[in-house]
Structures are given as structure tokens and as C-alpha cells.
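Data first, discussion second: the structure below is written as C-alpha cells.
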């Protein structure tokens, strides 16, 4: 079993630089820091988000639902989820329709991290 992958703020900011159009300025670093801590969450000695899809969803849900960049919040959230899954060596096959499904899910009122994880699981090869 491979170790659990955890990202840090600098990794997320690298994604902002690459995926944001054109390089949006962070307006609330607390949201990105919350995403970092959320995907690492442990309760009673167990990971709160138990697999790479759940951890990617926790990141995307936080970054995509809470405004923290001057623009491109949703684009960055999708890019972070994709980047996390790739960095975790999850085999993926995605296309524009799957990306659009994630963006739609992130915009849906009441969407949870579990809902986002379900969408991300459709990306699995």
C-alpha cells in the first residue's frame, strides 16, 4: 500500500499559476490553507477522507465552493483535483464532459465532498 499523499500550500499556488487565467491573485489564503488541512484530516486515528478520490474531493470542494482567488476559483479547483489524483498515481481517463460534470457538481447548492468524490471516481481508467 502506497503512503497517503498530502499536498501543501506551495503546491496549490503552483497550480494557481499554471491553471488560473491569467494568474489570479489570492485574496484569502485561509481558504487554501483550510483545503490543505481538510484533505489531511484525521479523527480518532483514522483518515477522514479515506482514499485519493475523497482527498481530491475535499481539496476541490473547499477551493471551488469558497471564493479565495480574484478569479478562476472553479478552474483551479478542478486542476487541483486532477493534479492530486495524478500525483497519487491514480490512472485517469478524462475528457471535457467529465471536467464539466465536476464543475457542475461544484456549483450545485448543497454539494458535499462525498458528492464530488463520486464525480471524481468516474474519472478512473
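The values are calculated or read from the model by the stated rules, or taken from the named source; none is laboratory data. All values derive from a computational prediction rather than experimental measurement. Neighbour counts are summed over all protein chains in view; Cβ atoms, including those assigned to glycine, are modelled from backbone coordinates with ideal geometry.
If only one of 51, 47 is under 16 Å from residue 4 (Cβ atoms) and at pLDDT below 95, which one is it?
Selected residue: 47, the only one of 51, 47 that is under 16 Å from residue 4 (Cβ atoms) and at pLDDT below 95.
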Entirely in region 18-125, the helices (runs of 4 or more DSSP H) that have 1 or more residues that are out of contact with any strand residue (DSSP E or B) (no Cβ under 7 Å at 6 or more places or on another chain), in contact (Cβ under 8 Å) with a residue 24 or more places away in the chain and surrounded by fewer than 16 Cβ atoms within 10 Å (Cβ to Cβ): 29-39, 73-87, 96-107, 113-121
Single unsatisfied condition, residue 108 versus (1) modelled with pLDDT under 95; (2) touching a helix residue (DSSP H, G or I) at 6+ places or on another chain (Cβ under 8 Å): (1)
Boolean, residue 7 is under 21 Å from residue 103 (Cβ atoms), out of contact with any helix residue (DSSP H, G or I) (no Cβ under 6 Å at 6 or more places or on another chain) and either touching a residue at least 24 places away in the same chain (Cβ under 8 Å) or loosely packed, with under 12 Cβ neighbours inside 10 Å (or both): yes
